[in-house]
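Input: a single structure, listed below in structure tokens.
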Amino acid sequence: MYTKIIALLLLLSSSFSLFAQPIEISVKVLQAFSDQAKLYRYTGTSTQLVDSAWQEAPGTYRFFLDSTYVKGLYKINVGKNISFDIVVGNEPLIDISTVVYAPDDSLKSEFSYENRVYWQYEKHQKRHKQHLWLLNSLIGFYADSSSFKTTIQREIELQELSQHNFAEQLVGQHPNLLASKLIRLEQNPVLAKLLQFKELHKQNLAVTWWRDIDLTDAAILNAPALNSRLWSYIETFFNEDFDKEEQDSAFINGIEQLMALDITKNLKAEFRNNLIKGFLNSSYPSVTEYLETQSFGTLLPIRQKSAADLISQGPSTKVGDKAYNFEVTLKDGSRVYISDINAEYILVIFWSSWCPNCIEALPRISEYYNQYHSKGLEVIAVSLDDDHDADLWSSYIENLGLNWINIREPYAIGNEIFYMYKVEETPMMFLLSKDLTIVSRPATRRQLRARLRKVFN
């Protein structure tokens with residue numbers, strides 16, 4: 001009987017040890033001037049107030065986290081704009097000492113191994129960023145052909161590699177720390193930067209990019225570097241040689257690769273939410289639609305597409321749909337519908353003289369027009385300028401040498417052309433085939449150039 005009781009006590013003891021223990025965070029700040037310090041937890045790119053503490057003695061503050069605390073990266077504020085980051089893992093005591101006027105450079109801890117390692121990385125990273133800032137400041141003074149500029153670029157690459165190697169060595173010495181996971185999260189793969197991205201994309205870039213990140217650990221949700229790494233990954237799928245539809249597919253392919261990895265459901269949801277926020281007001285609505293309507297394993301879609309949704313959204317302007325047929329005035333003064341224009345492809349551009357991006361893009365688009373007009377390209381440039389800007393509109397057309405079909409349609413809610421093409425910004429472009437099927441919706445002049453090369457070459 002006695003033996004059974006001992007065994008039961010040991011079992012209970014081992015069971016209780018599985019639960020998180022409360023944590024005490026002791027902070028000693030030399031020359032502190034604030035009566036109160038605050039503890040924040042990173043939640044993605046924002047912070048959430050967790051606790052506040054009044055001075056127990058000059059420059060001494062103490063925080064307590066109960067057993068329900070969340071692991072991750074935290075921030076302690078000890079004065080106006082004076083703060084530093086700490087790692088909260090399994091250590092029951094995190095003791096911190098620093099100097100108020102140089103907190104990052106003076107951080108010390110006797111008992112917290114996690115934070116000693118993390119601060120060692122942070123100090124090295126700070127020096128690395130300062131060095132890069134100096135090099136990037138210099139590089140702007142030299143021409144692209146300058147040998148010294150090439151030397152500086154090489155030095156930047158060596159600095160990046162050196163910082164990456166330092167982080168890898170530090171993590172290799174402490175592989176089981178939460179600090180090491182957070183450090184890895186801040187390191188973009190140097191290998192992926194140096195290799196040809198096209199070759200990596202043929203394989204699975206997600207595997208390379210996220211190989212050293214434990215996507216099953218919920219603690220990395222509480223680190224601002226997670227969102228930065230996510231968008232750095234997505235940016236590698238951007239290609240200036242892609243047309244709009246190819247770019248859409250590339251982004252979706254990258255998301256598919258990422259979501260297919262071994263990731264916790266909460267982390268998948270965080271990735272999806274951050275991606276939707278980023279793409280929502282961009283020129284890639286099809287990517288947003290994919291993110292909202294696709295299921296990712298056990299992560300269900302946010303919404304389902306329905307006939308009611310399509311009706312409420314008004315006319316469809318997707319690739320493959322028929323574009324609205326409207327009248328234009330030709331150079332000879334005659335009025336025709338765009339379906340009657342003798343051209344293999346028609347580019348409809350909505351622009352305005354008060355749109356800087358339009359004024360920058362139109363001269364280059366004019367070059368494409370001159371190159372492909374004889375092969376069957378026509379351009380209809382619809383200006384949103386009102387009557388007050390009519391003279392400015394005319395001068396732009398003359399000064400930029402825009403010899404295509406130009407019409408001015410002052411913007412107004414309820415205007416049929418703007419409604420049917422869903423014009424909400426400028427510039428907006430639609431490349432139409434002879435039968436007015438929408439072939440492409442380029443968001444940039446480079447995407448337009450890529451598509452024109454495909455259809456005319």
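The values are calculated or read from the model by the stated rules, or taken from the named source; none is laboratory data. Predicted model only: the values in this text are computed from it and were never measured. Cβ sites come from the backbone with ideal geometry, for glycine too, and all protein chains shown count toward neighbours.
Going through (1) modelled with pLDDT under 90; (2) out of contact with any helix residue (DSSP H, G or I) (no Cβ under 6 Å at 6 or more places or on another chain) one by one, Leu280 falls short only on (2). Being modelled with pLDDT of 90 or more and part of a helix (DSSP H, G or I), is that true of even one residue in the stretch 292-300? Yes; the residues of the stretch 292-300 include at least one that is modelled with pLDDT of 90 or more and part of a helix (DSSP H, G or I).
Within the stretch 101-138, being among the aliphatic types (A, V, I, L, M) and over 26 Å from the mean Cα position of the chain (by Cα) holds for Ala102, Leu107, Val117, Leu138.
Are there any pairs, at least 6 apart or on different chains, whose C-beta atoms fall under 8 Å, with the first in the stretch 116-136 and touching a residue at least 40 places away in the same chain (Cβ under 8 Å) and surrounded by 17 or more Cβ atoms within 10 Å (Cβ to Cβ) and the second among the hydroxyl-bearing types (Ser, Thr, Tyr) and assigned to a helix (DSSP H, G or I), and if so, which? Listed by first residue and then by second, the contacts come to Val117/Ser180. State which residue is surrounded by the fewest Cβ atoms within 10 Å (Cβ to Cβ) when the search covers only the stretch 329-357 and only residues that are without any contact (Cβ under 8 Å) to a residue 40 or more places away in the chain and either among the polar types (S, T, N, Q) or on the phi > 0 side of the Ramachandran plot (or both). Out of the qualifying residues, it is Gly333. Under the condition of being touching a helix residue (DSSP H, G or I) at 6+ places or on another chain (Cβ under 6 Å) and charged (D, E, K, R), which residue from the stretch 371-408 is nearest to Asn342 (Cα to Cα)? Restricting to residues being touching a helix residue (DSSP H, G or I) at 6+ places or on another chain (Cβ under 6 Å) and charged (D, E, K, R), the top hit is Lys375.
Residue-wise test of (1) hydrophobic (A, V, I, L, M, F, W, C); (2) under 19 Å from Lys244 (Cα atoms).
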| residue | (1), (2) |
| --- | --- |
| Arg335 | no, no |
| Tyr345 | no, yes |
| Ser383 | no, no |
| Glu398 | no, no |
| Ile417 | yes, no |
| Asp435 | no, no |
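Ser395 fulfils the conditions (1) out of contact with any strand residue (DSSP E or B) (no Cβ under 8 Å at 6 or more places or on another chain); (2) closer than 22 Å to Ser334 by Cβ; (3) of a type in the set (Ser, Thr, Tyr) except for a single criterion, (2).
So how many residues does the stretch 362-388 have that are among the acidic types (Asp, Glu) and surrounded by fewer than 18 Cβ atoms within 10 Å (Cβ to Cβ)? Working first, answer last.
Applying the first criterion (among the acidic types (Asp, Glu)) to the stretch 362-388 yields 367, 378, 385-387.
Still in the running and surrounded by fewer than 18 Cβ atoms within 10 Å (Cβ to Cβ): 367, 386-387.
Within the stretch 362-388, residues that are among the acidic types (Asp, Glu) and surrounded by fewer than 18 Cβ atoms within 10 Å (Cβ to Cβ) number 3.
Figure legend. Inter-residue proximity from the stretch 229-252: first residues farther than 18 Å from Val207 by Cα, second residues among the acidic types (Asp, Glu), beta-carbon distance below 8 Å, spacing 6+ or different chains. Indicated pairs: Asn239/Glu246. Selection within the stretch 88-99: residues that are assigned to a strand (DSSP E or B) and out of contact with any Gly (no Cβ under 8 Å at 6 or more places or on another chain). The member of this set that is farthest from Ile220 (Cα to Cα) is Val99.
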